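The values are calculated or read from the model by the stated rules, or taken from the named source; none is laboratory data. Bear in mind the structure is a predicted one, so any value in this text is a computation, not a measurement. Cβ coordinates were reconstructed from backbone atoms using ideal geometry, including for glycine residues, and neighbour counts include every protein chain displayed.
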Amino acid sequence: MLNFNFYNPTYIAFGEGKIADLNNLVPIDARVLVLYGGQSAKIHGTLDKVFSALGQRYVESFGGIEANPSFETLMKAVAQVKERQLDFLLAVGGGSVIDGTKFVAAAIFAQDDPWSILTTFGANVSQAMPYGAVLTLPATGSEMNTGSVITRTATQEKLFFRSEYVFPKFSVLDPTLSYTLPKRQLANGVVDAFTHIAEQYLTYSVNAKVQDRFAESLLLNLIEIGPELLVNPSNYSLQANFMWTATLALNGLIGAGVPQDWATHMIGHEITALHGLDHAQTLAIVLPAMLNERREAKREKLLQYAERVWNIRSGTDAERIDAAIQQTRDFFESLGVKTHLSDYQIDATAIPAILQHLESHGMVQLGEQAEVTIEVSRRVLLAAV
């Protein structure tokens with residue numbers, strides 16, 4: 001068994017009506033900046049509920065955080081915090097808004113160029129402003145982890161950072177806030193959570209039976225819930241189970257003590273940065289091709305995945321692995337998330353630029369065994385066309 005350190009201090013307020021708990025969760029004397037994305041939080045009344053729960057506290061707002069939160073936009077929020085002497089942040093939205101809030105929380109105290117938070121992957125973060133979150137879109141698990149992914153539009157870069165200083169102080173998870181989400185966003189959320197689990201589970205065995213069984217149960221949840229959710233988005237039970245599954249997919253628990261991959265994510269980030277695809281769309285494109293390319297290195301886990309998750313028990317090892325990868329692709333497609341670059345009008349001529357970005361960002365030894373070189377990434381992308 002590998003050594004691990006699992007620590008997550010985030011308080012979770014889960015259930016319908018839990019926005020009201022903000023009155024107890026946010027310090028009474030806080031000067032609050034509420035950060036959000038587009039107009040849906042206003043249109044559907046979520047912001048009104050948040051402002052009401054905050055009561056007589058001093059509150060300002062900052063909207064317009066993009067689906068791929070941009071450095072340029074977030075630096076405007078940093079300026080507002082400093083100018084108005086605000087001291088508590090509250091993210092209202094999905095993973096993008098929460099990721100953006102994490103960056104703002106850290107960038108406020110940056111001694112150097114704030115972009116260096118990303119180029120050092122968070123190594124130079126030594127403090128951050130406290131913040132909480134109200135989750136409206138389950139997908140990334142950002143509401144209960146230390147990770148953040150930020151895009152710099154000017155240079156077409158999409159990088160991530162992690163820091164223990166940007167754990168949310170709390171997160172409000174009210175499944176009813178997801179009732180009005182478009183089908184595309186729900187489908188993306190299922191694919192995102194599924195791939196988060198796969199990147200921690202489909203590696204190599206270290207006899208971590210609890211982590212394996214936990215990961216498999218979450219995958220089975222998504223396979224069961226995903227299609228039903230798209231048909232019945234206002235079903236509380238479906239939304240509640242999906243929201244909690246997505247949170248557990250990346251709150252650090254199933255990855256504690258086991259090897260982790262993340263090559264699919266790193267390649268996916270570059271596709272988004274260069275071509276603007278949804279994050280989940282890039283994952284659906286890359287994951288099946290990555291699993292096939294690395295089928296020998298992942299052989300034991302792929303066979304376990306075939307049997308325990310997809311109930312594939314007959315055929316040769318190669319046939320069972322083929323079937324499991326195909327089932328994965330079919331599942332994504334059944335949700336309406338396409339799995340080839342060509343589905344998004346991207347052909348093989350785009351691959352050199354993606355590889356160049358990977359190389360410039362040091363992504364040349366990816367995967368759980370650092371075996372995903374630029375050449376391996378090239379083969380994965382060619383297979384994904």
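Data for the structure
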quantity: Residue within region 306-327 that is under 19 Å from the mean Cα position of the chain (by Cα) and among the small types (Gly, Ala, Ser) present; calculated: no
quantity: Members of region 12-32 found to be free of Cβ contacts under 8 Å to residues at least 60 places away in the same chain and in contact with an Asp or Glu (Cβ under 8 Å, 6 or more places away or on another chain), listed by number; calculated: ALA30, ARG31, VAL32
quantity: Residue check, PHE103 crowded, with 20+ Cβ neighbours inside 10 Å and more than 17 Å from VAL134 (Cβ to Cβ); calculated: yes
quantity: Residue check for GLY226: within 30 Å of ALA154 (Cβ to Cβ) and in a helix (DSSP H, G or I); calculated: no
quantity: Every residue from region 224-239 that is touching a residue at least 24 places away in the same chain (Cβ under 8 Å) and buried (at least 17 other Cβ atoms within 10 Å of the Cβ); calculated: ILE225, GLY226, LEU229, LEU230, PRO233, GLN239
quantity: Pairs, first assigned by TED's automatic domain parsing to the domain that holds SER40 and outside any strand (DSSP E or B) in region 55-70, second surrounded by 15 or more Cβ atoms within 10 Å (Cβ to Cβ) and of a type in the set (Asp, Glu), C-beta under 6 Å, six or more apart; calculated: PRO69/ASP99
quantity: Count of residues meeting criterion [part of a loop (DSSP other than H, G, I, E, B), of a type outside the set (A, V, I, L, M, F, W, C) and surrounded by 24 or more Cβ atoms within 10 Å (Cβ to Cβ)] in region 123-140; calculated: 2
quantity: Any hit, region 333-347, residues being closer than 20 Å to TYR204 by Cα, surrounded by 21 or more Cβ atoms within 10 Å (Cβ to Cβ) and among the β-branched types (Val, Ile, Thr); calculated: no
quantity: Residue in region 33-47 that is more than 28 Å from ASP278 (Cβ to Cβ), touching a helix residue (DSSP H, G or I) at 6+ places or on another chain (Cβ under 8 Å), surrounded by fewer than 23 Cβ atoms within 10 Å (Cβ to Cβ) and touching a residue at least 12 places away in the same chain (Cβ under 8 Å) present; calculated: no
